[in-house]
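Sharing a structure with you now.
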Amino acid sequence: MKIHEYQAKELLKGYGIPIQDGVTIEDAAQAEAAVDQVNAELGAEQYVIKAQIHAGGRGKGGGVKFSTSREKALENIQNILGMTLITHQTGAEGRLVKKVMVAEALDIKQEFYAAITLDRAKGMDTFMVSSEGGMEIEEVAKTSPEKIVKEAIVPGFGLRSFQARNLALALGLEGAAAKQAVGMFQKLYKLYRELDCSIVEINPLIVTEQGDLVALDAKINFDDNALYLHKDVAEMRDLDEEDPSEVEAGKFDLNYIKLDGSVGCMVNGAGLAMATMDIIKQVGGSPANFLDVGGGANVETVKNGFRIILSDPNVKAVLINIFGGIVRCDRIANGIIEAVKVLDLNVPVVVRLAGTNAEIAKELLANSDVDLISADSFEDAAIKVVEAAAGN
Amino acid sequence: MSILVNKDSKIIVQGITGSEGSFHAAQCLEYGGNVVGGVTPGKGGQTALEGAVPVFNSCQEARKKVGANVSLIFVPPPFAADAIMEAAAAGIELIVCITEGIPVAQMVEVKAFVETTGSRFIGPNCPGILTPDEAKVGIMPGFIAKKGTVGLISKSGTLTYEAAHQLGEEGLGQSTCIGIGGDPIIGTTMLDLLKMFEADPETEAIVMIGEIGGSMEIEAAQYAKDNVSKPVIGFIAGQTAPPGRRMGHAGAIVSGADESAAAKKKLMAACGIIVVESPADIGRTVKEALNK
């Protein structure tokens with residue numbers, strides 16, 4: 001799960017980590033009050049207006065504006081709130097900005113990068129810093145990997161003081177700033193571990209002209225498996241930032257991800273679902289979605305799956321690919337027949353069922369009065385559905 | 001021969017009194033596996049599977065009383081990490097955890113804990129292990145596999161069934177099928193199993209079915225280059241997956257350029273792995289490799 005910058009900063013603040021503070025608003029009518037509050041409470045006379053969306057690259061896309069005066073700040077709020085922000089992470093359609101953070105402007109002396117995430121290969125969390133703050137870390141990793149310094153965190157031991165000191169030294173910090181960094185890095189790891197984060201990224205982490213270390217931006221993602229342990233974190237979820245059909249699918253425990261092709265897919269199992277998308281592409285089509293109906297597929301899941309796939313107007317044909325293991329294909333077949341009857345389908349549907357009771361299922365489908373295209377093999381199914389989509 | 005489990009494995013099921021646990025324990029028993037008991041804290045002294053096996057309060061007790069050496073875990077996510085560690089501490093040699101949805105941070109600690117014991121751990125969030133005609137320790141339907149000479153390693157459940165099905169159509173069977181799970185932290189990697197299949201005299205070819213995300217396929221391929229004499233056939237699911245999106249499995253997410261399907265396939269091919277482009281060609285490709 002992702003959260004906004006302003007929410008991430010609230011969490012950092014709660015752990016005693018210095019942040020670039022501000023006030024977040026949803027309505028342009030609150031603009032003056034917000035700017036005045038930042039002025040009164042934080043002593044700011046210059047401001048940064050920051051679009052709050054779940055995507056990186058906001059600055060380059062025009063969603064972050066430095067404002068030298070109250071008037072400029074108000075003008076920038078009007079411009080950013082309600083704009084459609086396009087960044088390299090939003091796709092071409094962009095994202096509507098529904099919230100802006102009115103932040104204090106700080107005098108930046110140095111910019112660093114700091115992040116914690118899981119190193120899957122090592123099976124350990126990794127704390128990494130880089131002197132190249134403000135840049136995309138993937139870019140730094142490619143062009144100058146030696147500038148990224150890492151400390152692996154041994155499970156159960158936390159980020160030790162010596163490790164935090166090593167990281168501070170790697171950034172060239174000395175004296176009071178180094179001491180601040182050590183405290184900050186240990187608090188950051190505590191937050192990461194206690195809240196079951198999958199990534200905590202501070203980019204940039206700055207040293208101000210006054211010599212203070214401050215998180216100027218913050219990105220935090222959480223492990224979905226652990227949200228049951230953190231009700232308050234789960235409440236920070238912003239459904240406006242997610243695709244409505246994906247949210248709808250989640251209510252029925254269906255794993256759905258919308259893509260931009262024309263062939264809808266309904267598959268059991270994540271690996272087979274991905275492989276189904278792959279083969280559709282290989283035979284010249286383009287998948288409209290990823291949909292894993294899971295191990296317990298039944299009439300209801302098939303019906304809901306259909307509804308969600310068909311809510312996408314780009315879908316020109318649907319492929320159902322089920323490999324019955326524990327799931328019995330005859331039950332799936334009954335689900336398909338029932339769903340087709342109630343849903344008033346206007347696109348061709350290709351069905352490939354294999355595994356447990358597949359023969360009985362094929363008979364059921366053949367003897368029903370619903371209009372389906374039956375396929376024998378994986379490849380046959382893909383070819384048929386791509387043809388059907390092209391002809392529709 | 002086979003790897004990991006055979007007809008002599010003494011299997012216990014942790015969570016045997018739950019609905020998932022009892023259903024699948026019965027299936028494992030029916031397949032012919034040597035299920036010797038179950039563990040549910042607080043229910044020791046009862047029996048399960050219609051009186052067929054005893055239930056113990058702890059893994060330690062099960063180890064002592066019936067000599068269990070394999071444990072299959074169906075405990076719900078909040079208690080699963082503890083269940084895995086309990087099995088490892090009791091000296092259970094092979095632990096297979098089916099449970100889906102265990103927090104990753106807990107798995108980081110579990111993995112480190114298990115490594116301090118001598119146990120081998122498979123999963124979590126996996127379909128388990130099947131050695132055809134001998135033992136099933138997991139949820140794979142028994143009929144999908146036949147005894148044979150192909151070692152099957154996969155991150156995915158139904159794609160394993162698909163691969164076994166395609167092998168069957170070519171007249172090929174499996175020595176052992178293992179679903180290792182698609183979570184970011186798993187107990188046993190592709191590399192670990194590749195080494196075991198290479199050492200197993202019954203296995204003649206090895207199929208590795210991977211996914212986007214992580215680097216374990218590459219690690220295995222690099223090892224295979226100089227150390228594996230048997231043909232290795234590889235497939236990577238998710239070439240159409242958009243970066244940054246979790247495709248079902250928690251670990252199936254492209255978070256760096258090297259984790260994409262295209263990048264993995266390229267590196268695998270460079271290491272001499274026979275890379276299958278279409279998921280429909282897995283069976284055919286193995287057959288060709290064995291006929292060479």
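I'm told B:Lys292 meets every condition in (1) away from chain A (no Cβ under 13 Å); (2) modelled with pLDDT of 95 or more except one. Can you identify the failing condition by its number?
Condition (2) is where B:Lys292 drops out.
Here's something else I'd like to know. Every residue in region A:292-312 that is among the aliphatic types (A, V, I, L, M) and within 14 Å of another protein chain (Cβ to nearest Cβ), please. Steps first, please.
Kept after step one, since they are among the aliphatic types (A, V, I, L, M), are these residues of region A:292-312: A:293, A:297, A:299, A:302, A:308-310.
Answer for region A:292-312, where residues must be among the aliphatic types (A, V, I, L, M) and within 14 Å of another protein chain (Cβ to nearest Cβ): A:Val293, A:Ala297.
Another question, then. Which one of these is more than 11 Å from every other protein chain (Cβ to nearest Cβ), on the phi > 0 side of the Ramachandran plot and either touching a Cys at 6+ places or on another chain (Cβ under 8 Å) or in contact (Cβ under 8 Å) with a residue 60 or more places away in the chain (or both): B:Gly151, B:Gly123, B:Gly128? If you could, list the steps in order and put the result at the bottom.
Values: B:Gly151 fails: on the phi > 0 side of the Ramachandran plot; B:Gly128 fails: either touching a Cys at 6+ places or on another chain (Cβ under 8 Å) or in contact (Cβ under 8 Å) with a residue 60 or more places away in the chain (or both).
After ruling out the rest, the residue left standing is B:Gly123.
Would you check if there is a residue in region A:122-131 being acidic (Asp, Glu), surrounded by fewer than 16 Cβ atoms within 10 Å (Cβ to Cβ) and under 27 Å from the mean Cα position of the chain (by Cα)? Give the derivation first.
Start the filter on region A:122-131 by keeping residues that are acidic (Asp, Glu), which leaves A:125.
Narrowing further to those that are surrounded by fewer than 16 Cβ atoms within 10 Å (Cβ to Cβ): none.
No: region A:122-131 contains no residue that is acidic (Asp, Glu), surrounded by fewer than 16 Cβ atoms within 10 Å (Cβ to Cβ) and under 27 Å from the mean Cα position of the chain (by Cα).
Identify all residues within region A:228-252 that are under 11 Å from A:Ile3 (Cβ atoms) and away from chain B (no Cβ under 14 Å); write none if there are none.
Residues of region A:228-252 under 11 Å from A:Ile3 (Cβ atoms): A:233-238, A:241.
Scanning region A:228-252 gives A:Glu235, A:Met236, A:Arg237, A:Asp238.
Residues of region A:78-94 being within 14 Å of chain B (Cβ to nearest Cβ) and in contact (Cβ under 8 Å) with a residue 12 or more places away in the chain, which ones?
If we filter region A:78-94 for residues that are within 14 Å of chain B (Cβ to nearest Cβ), which is where we start, we get A:87-93.
Of everything in region A:78-94, those that are within 14 Å of chain B (Cβ to nearest Cβ) and in contact (Cβ under 8 Å) with a residue 12 or more places away in the chain turn out to be A:Thr87, A:His88, A:Gln89, A:Thr90.
Which of (1) at the interface with chain A (Cβ under 9 Å from one of its Cβ atoms); (2) free of Cβ contacts under 8 Å to residues at least 40 places away in the same chain; (3) within 27 Å of A:Val267 (Cα to Cα) does B:Ala252 not meet, given it meets every other one?
Condition not satisfied by B:Ala252: (2).
Another question, if that's okay. Taking region B:64-83 on its own, how many of its residues are of a type outside the set (Phe, Trp, Tyr) and in a helix (DSSP H, G or I)?
Looking only at region B:64-83, we keep the residues that are of a type outside the set (Phe, Trp, Tyr), and these are B:64-73, B:75-78, B:80-83.
Retained after the next criterion (residues that are in a helix (DSSP H, G or I)): B:64-66, B:77-78, B:80-83.
Selection size over region B:64-83: 9.
Looking only at region A:360-389, how many residues end up being acidic (Asp, Glu) and surrounded by 17 or more Cβ atoms within 10 Å (Cβ to Cβ)?
Initial filter on region A:360-389 (acidic (Asp, Glu)): A:363, A:369, A:371, A:376, A:379-380, A:387.
Those left that are additionally surrounded by 17 or more Cβ atoms within 10 Å (Cβ to Cβ): A:379, A:387.
Total meeting the criteria: 2.
Being closer than 20 Å to A:Ala317 by Cβ, free of Cβ contacts under 8 Å to residues at least 40 places away in the same chain and not in a strand (DSSP E or B) is the filter here, so list the residues in region A:340-360 that pass it.
The answer is A:Val340, A:Lys341, A:Val342, A:Asp344, A:Leu345, A:Asn346.
Continuing with the same structure: Somewhere in region A:50-58, is a residue surrounded by fewer than 21 Cβ atoms within 10 Å (Cβ to Cβ), out of contact with any helix residue (DSSP H, G or I) (no Cβ under 8 Å at 6 or more places or on another chain), free of Cβ contacts under 8 Å to residues at least 40 places away in the same chain and closer than 16 Å to A:Met101 by Cβ?
The answer is no, given that none of the residues of region A:50-58 is surrounded by fewer than 21 Cβ atoms within 10 Å (Cβ to Cβ), out of contact with any helix residue (DSSP H, G or I) (no Cβ under 8 Å at 6 or more places or on another chain), free of Cβ contacts under 8 Å to residues at least 40 places away in the same chain and closer than 16 Å to A:Met101 by Cβ.
Do we find that A:Asp330 is over 23 Å from B:Gly283 (Cα atoms), touching a helix residue (DSSP H, G or I) at 6+ places or on another chain (Cβ under 8 Å), among the acidic types (Asp, Glu) and buried (at least 17 other Cβ atoms within 10 Å of the Cβ) in this structure? Walk me through how you get there before you give the answer.
Working: over 23 Å from B:Gly283 (Cα atoms): yes; touching a helix residue (DSSP H, G or I) at 6+ places or on another chain (Cβ under 8 Å): yes; among the acidic types (Asp, Glu): yes; buried (at least 17 other Cβ atoms within 10 Å of the Cβ): yes.
Against the criterion (over 23 Å from B:Gly283 (Cα atoms), touching a helix residue (DSSP H, G or I) at 6+ places or on another chain (Cβ under 8 Å), among the acidic types (Asp, Glu) and buried (at least 17 other Cβ atoms within 10 Å of the Cβ)), A:Asp330 qualifies.
A quick yes/no check of all residues on (1) over 26 Å from B:Asp281 (Cα atoms); (2) at pLDDT 90 or above; (3) surrounded by fewer than 23 Cβ atoms within 10 Å (Cβ to Cβ):
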residue	(1), (2), (3)
A:Asp292	no, yes, no
A:Gly296	yes, no, yes
A:Ile309	yes, yes, no
A:Ile322	no, yes, no
A:Val350	no, yes, no
A:Ala358	no, no, yes
A:Gly391	yes, no, yes
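Sticking with this structure for a sec: What residue, of A:Asn289, A:Asn255, A:Asn225, A:Asn268, is within 14 Å of chain B (Cβ to nearest Cβ) and in contact with a Pro (Cβ under 8 Å, 6 or more places away or on another chain)? I'd like the intermediate steps shown before the answer.
Working: A:Asn289 fails: in contact with a Pro (Cβ under 8 Å, 6 or more places away or on another chain); A:Asn255 fails: in contact with a Pro (Cβ under 8 Å, 6 or more places away or on another chain); A:Asn268 fails: in contact with a Pro (Cβ under 8 Å, 6 or more places away or on another chain).
Answer to the check: A:Asn225.
Quick test for you: out of A:Thr84, A:Thr68, pick the one residue that is surrounded by fewer than 16 Cβ atoms within 10 Å (Cβ to Cβ) and more than 21 Å from the chain's Cα centre (by Cα). Walk me through how you get there before you give the answer.
Numbers: A:Thr84 fails: more than 21 Å from the chain's Cα centre (by Cα).
Step by step, each of A:Thr84, A:Thr68 is checked, and only A:Thr68 is surrounded by fewer than 16 Cβ atoms within 10 Å (Cβ to Cβ) and more than 21 Å from the chain's Cα centre (by Cα).
While we're here: Looking at region A:367-386, can you tell me whether even one residue there is in the same structural domain as A:Met266 (by the TED database), in contact with a Phe, Trp or Tyr (Cβ under 9 Å, 6 or more places away or on another chain) and assigned to a strand (DSSP E or B)?
no
Among B:Ala224, B:Ala289, B:Ala262, B:Ala237, which is the only one that is surrounded by 22 or more Cβ atoms within 10 Å (Cβ to Cβ) and out of contact with any Gly (no Cβ under 6 Å at 6 or more places or on another chain)? I'd like the intermediate steps shown before the answer.
Values: B:Ala289 fails: surrounded by 22 or more Cβ atoms within 10 Å (Cβ to Cβ); B:Ala262 fails: surrounded by 22 or more Cβ atoms within 10 Å (Cβ to Cβ); B:Ala237 fails: out of contact with any Gly (no Cβ under 6 Å at 6 or more places or on another chain).
Only one candidate passes the filter, namely B:Ala224.
Is it true that some residue in region A:273-284 is within 14 Å of chain B (Cβ to nearest Cβ) and within 25 Å of B:Ser19 (Cα to Cα)?
Residues of region A:273-284 that are within 14 Å of chain B (Cβ to nearest Cβ), as a first pass: A:273-284.
Now narrow it down to the ones that are within 25 Å of B:Ser19 (Cα to Cα): none.
Within region A:273-284 (the criterion being within 14 Å of chain B (Cβ to nearest Cβ) and within 25 Å of B:Ser19 (Cα to Cα)), the answer is no, since none of the residues qualifies.
Out of (1) surrounded by 18 or more Cβ atoms within 10 Å (Cβ to Cβ); (2) within 11 Å of chain A (Cβ to nearest Cβ), the odd one out for B:Glu277 is which?
(1)
For every residue, the table says whether it meets (1) at pLDDT below 90; (2) in contact with a Phe, Trp or Tyr (Cβ under 9 Å, 6 or more places away or on another chain); (3) facing another protein chain (nearest Cβ under 10 Å); (4) under 27 Å from B:Asp258 (Cα atoms).
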residue	(1), (2), (3), (4)
A:Glu136	yes, no, no, yes
A:Ala141	yes, no, yes, yes
A:Val154	no, no, yes, yes
A:Gly158	no, yes, no, no
A:Glu174	no, no, no, no
A:Ala178	no, no, no, no
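Is it fair to say A:Val149 is surrounded by fewer than 17 Cβ atoms within 10 Å (Cβ to Cβ) and outside any loop (DSSP other than H, G, I, E, B)?
yes
Right, another one. Checking the condition part of a helix (DSSP H, G or I) and touching a residue at least 60 places away in the same chain (Cβ under 8 Å), which residue from A:Val182, A:Val233 passes? So that I can check it myself, show each step before the final result.
Values: A:Val182 fails: touching a residue at least 60 places away in the same chain (Cβ under 8 Å).
Just a single option satisfies the conditions, and that option is A:Val233.
A follow-up question, please. Go through region B:168-212 and report how many residues are part of a helix (DSSP H, G or I) and either touching a Lys or Arg at 6+ places or on another chain (Cβ under 8 Å) or closer than 27 Å to B:Thr99 by Cβ (or both).
Filtering region B:168-212 down to residues part of a helix (DSSP H, G or I) leaves B:168-169, B:190-199.
Okay, now just the ones that are also either touching a Lys or Arg at 6+ places or on another chain (Cβ under 8 Å) or closer than 27 Å to B:Thr99 by Cβ (or both), so B:168, B:190-198.
Number of matching residues: 10.
Please work out which residue is nearest to the other protein chains (Cβ to nearest Cβ), limiting yourself to region B:169-204 and to residues that are hydroxyl-bearing (Ser, Thr, Tyr) and in contact with a strand residue (DSSP E or B) (Cβ under 8 Å, 6 or more places away or on another chain).
Within region B:169-204, the subset hydroxyl-bearing (Ser, Thr, Tyr) is B:175-176, B:188-189, B:203.
Subset that is in contact with a strand residue (DSSP E or B) (Cβ under 8 Å, 6 or more places away or on another chain): B:175-176, B:188, B:203.
Details: B:Ser175: 20, B:Thr176: 17, B:Thr188: 12, B:Thr203: 22 Å.
Looking at residues that are hydroxyl-bearing (Ser, Thr, Tyr) and in contact with a strand residue (DSSP E or B) (Cβ under 8 Å, 6 or more places away or on another chain), I get B:Thr188.
Would you tally the residues in region B:84-120 being more than 11 Å from chain A (Cβ to nearest Cβ), surrounded by fewer than 21 Cβ atoms within 10 Å (Cβ to Cβ) and part of a loop (DSSP other than H, G, I, E, B)?
Summing the residues that are more than 11 Å from chain A (Cβ to nearest Cβ), surrounded by fewer than 21 Cβ atoms within 10 Å (Cβ to Cβ) and part of a loop (DSSP other than H, G, I, E, B) in region B:84-120 gives 4.
Quick one: is B:Glu217 within 13 Å of chain A (Cβ to nearest Cβ), outside any loop (DSSP other than H, G, I, E, B) and acidic (Asp, Glu)?
Values: within 13 Å of chain A (Cβ to nearest Cβ): yes; outside any loop (DSSP other than H, G, I, E, B): yes; acidic (Asp, Glu): yes.
For B:Glu217, the condition - within 13 Å of chain A (Cβ to nearest Cβ), outside any loop (DSSP other than H, G, I, E, B) and acidic (Asp, Glu) - is met.
Can you confirm whether B:Leu152 is within 24 Å of B:Gly213 (Cβ to Cβ) and part of a strand (DSSP E or B)?
Details: within 24 Å of B:Gly213 (Cβ to Cβ): yes; part of a strand (DSSP E or B): yes.
So B:Leu152 passes the test.
The values are calculated or read from the model by the stated rules, or taken from the named source; none is laboratory data. This is a predicted model, so every value here is computed, not measured. So basically every Cβ, Gly included, is an ideal-geometry build from the backbone, and we count neighbours across all protein chains shown.
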